[in-house]
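Undergrad: Handing you a structure now.
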Amino acid sequence: LERQLVPTPHTAGLNGRVLVKNPHLDLMEEDVLYHLDLGTKTHNLPAMFGDIKFVCVGGSPNRMRAFAQFMQRELGLAGAGEDVADICAGSDRYAMYRAGPVLSISHGMGIPSISIMLHELIKLLHHAKCRDVTIIRIGTSGGLGIEAGSVVITDTAVDSSFQPRFEQVVLGDVVVRSTELDKDLAEELLACSRDIPDFPTLIGHTMCTYDFYEGQGRLDGALCSFSSEKKLEYLRRAYDAGVRNIEMESTAFAALCGLCGLKAAVVCVALLDRLEGDQIRASHEVLWEYQQRPQRLIAAFIRKRLGLC
Ligand code: R2B
Ligand code: URA
């Protein structure tokens, strides 16, 4: 039997293992990962996932399937160009694909959706006895004072008051967790971006909100209770606090992954500059190409880590 040290928050897992911080799990005979349609009794999780080293998560199931297919080609794997199977096909909540040591999973939109997926994913990696896993969210966002199509690597995820914290209500009390991300990983990703000169990449704070419309200071929702001046004043304050993009999952992602000993990064493309407007007007072709930018950066990073370039 292996002995586990009692870890302090934000330390890497023992021997690079993924930590779960829940004493009740050890007492359970079986763990059903309901939203992934996987489980410890129904599946051999160490055999299915034990060799996974990179986990990439993103909002849309189609985009995450395309990413797995792209990684198959980038890693020169057998079967490249063929369809990839959805490992969570029995659940219509999330989609999961693999390409060699890379797992690609969708998380839907917003903190509640990504948080459910991450609880089950982190338990999956733990049950599978994975080691030295790097997890990256590749997503879309609204830019702040940056050109549309720019890619932002997050140094710190902040809430809508620009604070590096994630607040979660537990048994009626607000629990506050830190949203620090791995600084070395962010720098490593920025270094990889220098080999991809056809789009700008920068490091900055990412603001995470609970809503796309009023929550991000948009004037074009079904409700709006503020003026255009107030909106711009808020977005400029965010910019001055170091925020370069806005999305809806990063604080929960940073907090959960950090506490469970996963090295984590957030890499999002900006679909527009929110200082210029609210509506996303770019064509489908342009938006599709934008969404490939974080994927291309992560492919370069994984290839480098695996010694393929
Ligand atoms: C970015 O894009 C989605 C909203 O359009 C949301 O999931 C996010 O974080
Ligand atoms: N995703 C967001 O959360 N906000 C945007 O403005 C664009 C994409």
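The values are calculated or read from the model by the stated rules, or taken from the named source; none is laboratory data. Keep in mind it's a predicted model, so treat the numbers as computed, not measured. Counting neighbours? That spans all protein chains shown, and the Cβs are built from the backbone with ideal geometry, glycine included. Areas reflect the complete protein model, heavy atoms only, side chains present, ligands, DNA and RNA absent. Shrake-Rupley method; radii C 1.70, N 1.55, O 1.52, S 1.80 Å.
Undergrad: Pairs of lysines 8 or more apart, or on different chains, with alpha carbons under 30 Å: count those in the chain, would you?
TA: Lysine pairs, 8 or more places apart or on different chains, close enough: 24.
Undergrad: Leaving out ligands and nucleic acids, and using a 1.4 Å probe, what accessible area per residue does the stretch 225-269 come to in Å²?
TA: With the other protein chains kept in place, the stretch 225-269 gives 35 Å² per residue.
Undergrad: Right, another one. With all protein chains present, calculate the accessible area of Lys53 using a 1.4 Å probe and round the result to the nearest 10 Å².
TA: Roughly 70 Å² of Lys53 is accessible to a 1.4 Å probe.
Undergrad: So what's the gap between the Cα centers of the stretch 249-264 and the stretch 39-81, to the nearest angstrom?
TA: If you average the Cα positions of each part, the centres end up 20 Å apart.
Undergrad: A further question on this structure: Given only helices, namely DSSP H runs of n ≥ 4 each adding -39500 (n - 2.57), what is the per-residue ellipticity at 222 nm of the chain, to the nearest 500 deg cm²/dmol?
TA: Dividing the helical sum by the residues of the chain leaves -9500 deg cm²/dmol.
Undergrad: For the chain, take the longest principal axis of its alpha carbons; what is the angle in degrees between that and the long axis of helix 250-259, to the nearest 10 within 0 to 90?
TA: Relative to the chain, helix 250-259 is tipped by roughly 30 degrees.
Undergrad: If you don't mind, there's one more thing I want to ask. Tally Lys/Arg at +1 and Asp/Glu at -1 over every other residue whose Cβ is under 12 Å from the Cβ of Arg237; what's the total?
TA: +1
Undergrad: Then there's this: Against the longest alpha carbon principal axis of the chain, how many degrees, from 0 to 90 and to the nearest 10, is the axis of helix 111-127 turned?
TA: 20 degrees
Undergrad: Taking the convex hull of the alpha carbon atoms in the chain, what volume per residue do you get, in Å³?
TA: 147 Å³
Undergrad: Tell me the carbon and sulfur percent of the accessible area for the stretch 177-220, rounded to whole percent, probe radius 1.4 Å.
TA: In the stretch 177-220, the share of accessible area belonging to carbon and sulfur is 50 percent.
Undergrad: Let me ask you something else. Taking a 1.4 Å probe, which of Val174, Val20 shows the most accessible area, and what order do the others take after it?
TA: If we order Val174, Val20 from most to least accessible, we get Val174, Val20.
Undergrad: How large is the accessible surface per residue of the stretch 13-56, computed with a 1.4 Å probe and reported in Å² as a whole number?
TA: Accessible area per residue, the stretch 13-56: 56 Å².
Undergrad: Compute the Cα gyration tensor for the stretch 223-309, then decide on rounded, prolate or oblate, letting a ≥ b ≥ c be the square roots of its eigenvalues: rounded whenever a/c is under 1.5, prolate when a/b is larger than b/c in the other cases, and oblate in all that remain.
TA: Verdict is oblate for the stretch 223-309.
Undergrad: Still on this structure, please answer the following. Can you classify the stretch 167-248 as rounded, prolate or oblate using the Cα gyration tensor, where a ≥ b ≥ c are the square roots of its eigenvalues, rounded means a/c under 1.5, and otherwise it's prolate if a/b beats b/c and oblate if not?
TA: Cα axes put the stretch 167-248 in the oblate bin.
Undergrad: Same structure, new question: Angle check, please: helix 61-74 long axis (alpha carbons) against the longest principal axis of the chain (alpha carbons), in degrees 0 to 90, nearest 10.
TA: Helix 61-74 sits roughly 70 degrees off the main axis of the chain.
Undergrad: Let me check against my output: what whole-number percent is the relative contact order of the chain, with C-alpha pairs under 8 Å and at least 6 apart?
TA: 24 percent
Undergrad: Shifting gears a bit: Using heavy-atom solvent-accessible surface (probe 1.4 Å) with all chains present, what is the largest-first order of Met48, Met109, Met28?
TA: The residues order as Met109, Met28, Met48, largest area first.
Undergrad: What value in Å³ per residue do you get for the convex hull of the alpha-carbon atoms in the stretch 12-82?
TA: So the per-residue hull volume is 158 Å³.
Undergrad: What part of the accessible area of the stretch 1-146, given as a whole %, is carbon or sulfur when the probe is 1.4 angstrom?
TA: For the stretch 1-146, the apolar C and S fraction of the accessible surface comes to 53 percent.
Undergrad: In addition: Can you say what percent of the DSSP beta bridges in the chain, counting only those with both residues inside, are antiparallel? Round to 5.
TA: 40 percent
Undergrad: Quickly work out the Ala241-to-Asp83 label distance, labels modelled 7 Å from Cα along the C-beta direction, and quote it in nm with one decimal.
TA: Here the answer is 4.6 nm between the modelled labels.
Undergrad: Taking the Cα centre of the chain as origin, sum charge times position over the Cβ atoms of Lys and Arg (+1) and Asp and Glu (-1), and report the length of that vector in debye to the nearest 20.
TA: Rounded to the nearest 20 debye, it is 600 debye.
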